[in-house]
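Working notes, beginning with the structure itself.
The values are calculated or read from the model by the stated rules, or taken from the named source; none is laboratory data. All values derive from a computational prediction rather than experimental measurement. Cβ sites come from the backbone with ideal geometry, for glycine too, and all protein chains shown count toward neighbours. For the accessible areas, the whole protein counts, side chains as well, though only heavy atoms, and no ligand, DNA or RNA atoms are used. Shrake-Rupley method; radii C 1.70, N 1.55, O 1.52, S 1.80 Å.
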Amino acid sequence: MPPRSPYDNLVHPRTQKKPSPQVEALKDVVVEDPSSGFVGAVVRCEKDVVHLEDRHGRVRAYPLGPGFWVDGRPVVLVRPKQNAPSGPQRSASGSTYVVGARARVAREGRIYVEGKHDAELVEKVWGHDLRIEGVVVEPLHGVDDLPGIVKEFRPSSGRRLGVLVDHLVTGSKESRIAAQITGAHALVVGHPFIDIWQAVKPSVVGIKAWPTVPKGEDWKTGVCKRLGWEDDTGYVWAQRILARVSVWTDLEPTLIGRVEELIDFVTTE
């Protein structure tokens, strides 16, 4: 058997596969997913996920890592480096973030919102503000329950009650109930959307617009059917909608104004 040459383990430099360079997923960097052909600019980057928006306004989420192209070359997308903030930090609602602040003891005042999904969305965007102010948010399981809740709660000075209602439009049952309850120490406001899902901007969840669902058909089920989403509305809300909301600008201004109004109302001494 011939002796091994000292050059046997050498590989010609041209045959070595160089590792793909790392590129930070900074806002507006144009990225291509070659497996699907989707090309979009980075609109935001979360812990392990990057969101890309194409020229048609469609947004898709991808896990960070290898498998992307930037400027015609393969790259590994990584989270942007965290630079020391040059000014005040902002919470998800756009307010000044109070670093290290402890939650205030809960006020006697309360905010009720119509449904679990509404409560989860308010918590995700305004949670920091609510803890600083000591405001508790509770789900309202139906507007028909509201008169009984108000009677039991007994709003008064220093014990204000705020309520956020879905689809509060003139002439509706909801508007008539709201008019009966709203007073000096109780405030009922609402948004025009059929469901809180619609308060999330379509571009945030990667669609052009929320589909129209005929009256009489369950709205959430109809939306999922028309968009080709899973038929589990709880999963759709958690993974396709709420998970993609990160800041107040992801929401429609109509909802933002109403929530801010309620927080101001119940925190007024």
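Within the chain, what whole-number % of the accessible surface is contributed by carbon and sulfur, with the 1.4 Å probe and all protein chains included in the calculation? Percent of accessible area from carbon and sulfur atoms in the chain: 51.
With a ≥ b ≥ c taken as the square roots of the eigenvalues of the C-alpha gyration tensor of segment 156-212, please select rounded if a/c is under 1.5 and otherwise prolate if a/b is larger than b/c or oblate if it is not? Here segment 156-212 falls in the oblate category. Within the listed set GLY65, GLY171, GLY222, the Gaussian network model of the chain (springs between alpha-carbon atoms below 10 Å) gives the highest mean-square fluctuation for GLY171. A Förster radius of 45 Å, combined with the Cβ-Cβ distance separating GLU108 from GLN22, puts the computed FRET efficiency at roughly 0.30.
Full extension of the chain segment joining LEU227 with ARG58 gains 59.5 nm, where the gain is 0.36 nm per residue of separation less the Cα-Cα distance. First measure r as the distance between the Cβ atoms of ALA243 and ALA179, then evaluate 1/(1 + (r/R0)^6) with R0 = 35 Å and state the FRET efficiency to the nearest 0.05. Calculated transfer efficiency: 0.45. In this label model, LYS81 and ILE149 are separated by 4.9 nm, measuring between points 7 Å along each Cα→Cβ vector. Distance from the C-alpha centroid of segment 216-269 to that of segment 46-77: 25 Å, rounded to the whole angstrom. With a Förster radius of 51 Å, plug the Cβ-Cβ distance of TRP69 and LYS215 into 1/(1 + (r/R0)^6) and report the FRET value to the nearest 0.05. Efficiency for this residue pair is about 0.65. With all protein chains kept in place, the per residue accessible area of the chain amounts to 59 square angstrom at a probe of 1.4 angstrom. Ordering TYR62, PRO74, HIS51 by the projection of their Cα atoms onto the charge dipole of the chain, which places +1 on the Cβ of Lys and Arg and -1 on the Cβ of Asp and Glu, puts PRO74 at the extreme positive end.
Applying both filters, DSSP loop and at most 11 other Cβ atoms within 10 Å, to the trypsin sites (Lys or Arg not before Pro) of segment 174-269 gives LYS208, LYS215.
When the square roots of the Cα gyration tensor eigenvalues are ordered a ≥ b ≥ c, the ratio a/c for the chain is 1.5 or more and a/b exceeds b/c, which makes its shape prolate. Placing unit charges on the Cβ atoms only, positive for Lys and Arg and negative for Asp and Glu, gives the chain a dipole magnitude near 800 debye about its Cα centre. Seen through its C-alpha gyration tensor, with square-root eigenvalues sorted a ≥ b ≥ c, segment 16-86 comes out oblate because a/c lies at 1.5 or above while a/b is not bigger than b/c.
For a paramagnetic label modelled at 7 Å from the Cα of ARG90 toward its Cβ, which residues of segment 210-254 fall within the zone defined by backbone nitrogen distances under 18 Å? Residues passing the 18 Å test: 245-254.
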